[in-house]
Amino acid sequence: MGRAFEFRKERKLKRWGHMARVFTKLGKEITIAVKQGGPDVVGNPRLRALIAEARSESMPKENIERAIKKATEKNAGDFKEVVFEGYGPHGIAYLVETATDNNTRTVANVRSYFTKCGGSLGTSGSVAFMFDHKCVFRIKEDPAKPIDIEELELELIDFGADEVFKQEVEDADENVTVEICIYGDYTAYGAIQKYIEENGYELISGGFERIPNVDLKEVTPEQRSTLEKLTNLLEDDEDVTNVYTTMKPSEEE
């Protein structure tokens, strides 16, 4: 299995661990999707995927409707997706995705976190080349109808997929389900989603991730402690949606 599988395995339980943060993140992404593609789910594939993800995360229906309504109100804040790049201590590259309606506030906050932990905010392009921008979809496997992963991958290659694999997911009640993860080039998002929907697969989520394309850097336990402090500060900020680094995970992760 490839880099995307290892990457997802390392961080799937770490990212957005608290329900309130999941809902905040999804709410902002739904608002942005509506502003970009309109509130009609039939004509807005990104919105359809986000609503599917919101439902899989047990996000209340009223929260979803509120995020859609917010995007259509004239006096609503205009959320924009802004990416920050920089270096934490010990030469670890950071790429930080945000959704903000106040870029001045977000820049100041992100810079302060880097400074506080001995890192520095960089310029656009300073670390982005170390990460591949991928689209990623998760579909549910029906235990009664197992999916032939090799056959599915061969089909999806023609639609821009470059890695397809199964993973087991354990929920809060320790129930284990099997999901299929599909990774492809950023530009293949629409084609892959169309294939999934037209072939009757149950979509759990569809979005984008940054996959490191360089060797991840080993750090000592002391260095890791400082780096995790920076990561936690960034992830706790309400404007931050995703944090990616080139730090090699510990054996426990």
Added length on full extension, which subtracts the Cα-Cα distance from 0.36 nm per residue, ASP78 to PHE129: 15.5 nm
Using a Förster distance of 25 Å, the FRET efficiency for ILE147-ASN213 (Cβ separation, nearest 0.05): 0.35
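Over 26 Å between C-alpha atoms is what I'm after, so list which of LYS134/LYS217; LYS166/LYS229; LYS80/LYS217; LYS70/LYS229; LYS25/LYS217; LYS69/LYS229 land there. List each step's numbers first, then the result.
On the way: LYS134/LYS217 21 Å; LYS166/LYS229 32 Å; LYS80/LYS217 31 Å; LYS70/LYS229 33 Å; LYS25/LYS217 28 Å; LYS69/LYS229 36 Å.
In this structure, LYS166/LYS229; LYS80/LYS217; LYS70/LYS229; LYS25/LYS217; LYS69/LYS229 exceed 26 Å between Cα atoms.
Can you give the helix-only mean residue ellipticity at 222 nm for the chain, where every DSSP H stretch with n ≥ 4 adds -39500 (n - 2.57) and the sum goes over all residues, rounded to the nearest 500 deg cm²/dmol? Don't jump to the answer; show the numbers that get you there.
Working: 8 runs with 100 residues, N = 253.
Mean residue ellipticity at 222 nm (helix-derived): -12500 deg cm²/dmol.
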Derived scalar couplings ³J(HN,Hα) [the range 46-59; Karplus, 6.51 cos²θ - 1.76 cosθ + 1.60; whole Hz; x for Gly, Pro]: 4, 5, 4, 5, 5, 5, 4, 5, 4, 5, 5, 8, 6, 6
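GLN167 to GLN36: extension gain in nm, 0.36 nm per residue of separation minus the Cα-Cα distance?
On the way: separation 131, 0.36 × 131 = 47.16 nm, distance 3.18 nm.
Taking 0.36 nm per residue and subtracting the Cα distance, the gain is 44.0 nm.
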Potential extension, ASP185-ASN63 segment - 0.36 nm per residue separation minus Cα distance: 40.9 nm
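For the range 106-214, what does the accessible surface come to per residue with a 1.4 Å probe? Please give it in Å².
Numbers: 5730 Å² over 109 residues.
Counting only protein heavy atoms, the per-residue value for the range 106-214 is 53 Å².
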Magnitude of the charge dipole, the chain, Cβ model with Lys/Arg +1 and Asp/Glu -1, debye to 20: 1220 debye
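Does the chain come out rounded, prolate or oblate by the C-alpha gyration tensor, with a ≥ b ≥ c the root eigenvalues, rounded set by a/c under 1.5 and, if not, prolate when a/b is larger than b/c and oblate if not?
The shape class here is oblate.
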Centroid-to-centroid separation of the range 63-123 and the range 149-224 [C-alpha atoms, Å]: 24 Å
Segments 160-166, 105-111 sorted - mean Cβ within 10 Å per residue, highest first: 160-166, 105-111
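The values are calculated or read from the model by the stated rules, or taken from the named source; none is laboratory data. This one's a predicted model, so the numbers in the text were calculated from it and none came from an experiment. Because the Cβ atoms are built from the backbone with ideal geometry, glycine has one as well, and the counts that use them run over all protein chains shown. Calculation scope for accessible area: heavy atoms of the full protein, side chains included, ligands and nucleic acids excluded. Shrake-Rupley method; radii C 1.70, N 1.55, O 1.52, S 1.80 Å.
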